[in-house]
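The values are calculated or read from the model by the stated rules, or taken from the named source; none is laboratory data. Note that the structure is predicted; figures quoted are calculated from it, not measured. Neighbour counts run over all protein chains shown; Cβ positions are idealised from the backbone, glycine included.
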């Protein structure tokens, strides 16, 4: 499970926001704050970004340049 590994700055920030929101819910009994805290808690626990897709993921992405190779292109003259 990825819960105890790969903690980076944004994951820690999301966890701190979630903890803050839960304490604020206890103090104010505002359900909206609890919903926001739950949202950030899920993001921190599962290490996902705003979309949960690869476009917004917070984990480092592999280098795409290594996967691409230069291919020789042949051109044919048309008359």
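Quick look at the numbers
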{"read-out": "Residue 56 exposed (fewer than 10 other Cβ atoms within 10 Å of the Cβ) and at pLDDT below 85", "value": "no"}
{"read-out": "In region 17-30, the residues that are in a helix (DSSP H, G or I) and farther than 15 Å from residue 49 by Cα", "value": "19, 20, 21, 22, 23, 24, 25, 26, 27, 28"}
{"read-out": "Qualifying position, being modelled with pLDDT of 75 or more and in contact with a helix residue (DSSP H, G or I) (Cβ under 6 Å, 6 or more places away or on another chain), among 73, 33", "value": "33"}
{"read-out": "Region 31-51, residues that are closer than 10 Å to residue 14 by Cα, touching a residue at least 24 places away in the same chain (Cβ under 8 Å) and in a helix (DSSP H, G or I)", "value": "40, 41, 43, 44, 45"}
